């Protein structure tokens with residue numbers, strides 16, 4: 001694919017090496033089928049910050065800018081005729097990442113971060129054409145949409161240097177909600193020095209239409225169904241989990257423990273984060289699959305003259321197989337579900353921490369040994385997860401550790417500070433950290 005070309009029609013023989021690298025099981029299955037050139041594929045590159053899909057509608061990338069951000073266009077007619085089966089075609093991510101997100105009036109929801117080898121559009125394409133559910137409401141971005149620098153980057157002098165050198169229109173961000181817009185502008189500036197993009201392969205309609213009808217394709221169809229089944233594990237059991245949670249809240253009321261609606265929603269969200277259903281955040285430095293991080297770090301050190309270690313936070317799913325901890329910020333309203341009238345902590349973040357701890361400890365004690373959850377991810381959360389709470393104001397009465405001690409509890413963060421940023425201070429007063437929860441395996 002040439003430097004200028006953002007999308008092209010292709011076939012299996014042309015992309016099999018890429019797929020074999022990112023998703024070996026899928027490549028092996030397709031190799032056995034050996035589809036001919038009539039089974040069209042479309043290889044598409046999206047510059048960082050591009051909106052790949054919005055509210056269920058797929059877009060293609062453009063070299064044009066909308067303001068200072070990558071523009072998107074309707075799918076060209078000569079390609080659209082091969083991608084009409086569903087609003088979003090079956091697709092495979094082969095380079096860097098993409099984030100599924102939803103912008104709500106009171107919060108940005110990060111649903112999932114797709115990584116190389118990940119399939120997308122499974123549910124839409126395996127469901128019946130006319131199902132009972134509403135139109136897909138999520139959006140999909142090239143690279144991480146929920147991305148933040150821990151230190152403040154609102155210094156007018158430093159930002160003026162960036163505006164002049166990189167031709168920015170954005171003003172210095174007052175809060176982290178504006179960080180992504182700024183990073184997208186920087187990454188797409190002609191002066192940035194790095195061309196970052198992710199790459200997807202879209203499967204034409206003929207692939208699934210044939211797989212459903214032709215027994216020779218049964219392994220391909222079974223693989224897709226297996227992936228979709230694994231993805232839907234929690235969502236198929238969501239009603240059961242909600243009933244368990246409701247029963248728990250009834251028990252709390254019986255014990256005269258009456259958390260606010262918002263605190264109970266936070267506690268439930270923390271459980272879902274700990275069992276890997278919804279993402280928390282982790283420090284992404286050293287991994288540019290989320291965004292052109294190395295170049296962004298370089299310009300904030302050399303041009304902006306940042307005072308604190310330039311640590312980037314991006315979404316990440318917790319896994320007991322992963323060596324790194326993740327974070328949830330009580331300052332960042334990333335709840336999957338909430339009640340619009342109740343999304344405030346009545347007495348502030350610091351005072352909320354003991355209530356959240358009490359609720360989670362009660363949940364663990366009441367339900368960890370119950371047969372309904374024994375052996376499940378929820379049981380693992382109750383027995384093997386350690387949650388630590390941090391705030392820049394350390395008060396034992398609130399069970400909050402000082403954010404200055406965070407590197408002591410996160411080995412990867414400690415290593416970064418020692419090896420990459422030995423001359424920088426840790427941004428312990430970051431708003432993100434003023435009431436954050438650290439998830440880690442017990443004993444790690």
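We did not get these values from a lab; they are worked out from the coordinates using the rules stated. Note that the structure is a prediction, hence the values are computed from the model and not measured. Cβ sites come from the backbone with ideal geometry, for glycine too, and all protein chains shown count toward neighbours.
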Rounded to the nearest 0.05, what FRET efficiency is calculated for residue 393 and residue 115 with R0 set to 30 Å and r the Cβ-Cβ distance? 0.25
Grab the Cα-Cα distance for residue 55 and residue 429, subtract it from 0.36 nm times how many residues apart they are, and report the gain in nm with one decimal. 131.0 nm
Which FRET efficiency value, to the nearest 0.05, do you get for residue 87 and residue 365 by plugging their Cβ-Cβ distance into 1/(1 + (r/R0)^6) with R0 = 51 Å? 0.65
Whether segment 175-306 is rounded, prolate or oblate, judged on the alpha carbon gyration tensor where a/c under 1.5 counts as rounded: oblate
If r is the Cβ-Cβ distance from residue 95 to residue 222 and R0 is 25 Å, what FRET efficiency results, to the nearest 0.05? 0.40
State, as an integer percentage, the relative contact order of the chain based on alpha-carbon contacts under 8 Å between residues 6 or more apart. 16 percent
Pull out the extension gain between residue 258 and residue 215, defined as 0.36 nm times the separation in residues minus the alpha carbon to alpha carbon distance; nm, one decimal. 9.8 nm
Using 0.36 nm per residue, how much length does the chain from residue 36 to residue 138 gain when fully extended, once their Cα-Cα distance is taken away? 33.3 nm
If you take the square roots of the eigenvalues of the alpha-carbon gyration tensor of segment 270-352 and sort them as a ≥ b ≥ c, do you get rounded (a/c under 1.5), prolate (a/b over b/c) or oblate? oblate
Under a point spin-label approximation (7 Å from Cα along Cα-to-Cβ), what is the residue 441-residue 164 distance to one decimal in nm? 5.1 nm
[x] 24.4, 75; [y] 21.2, 61; [z] 23.1, 68, with the label sought being that of the calculated Rg and Dmax of the Cα atoms in Å: [z]
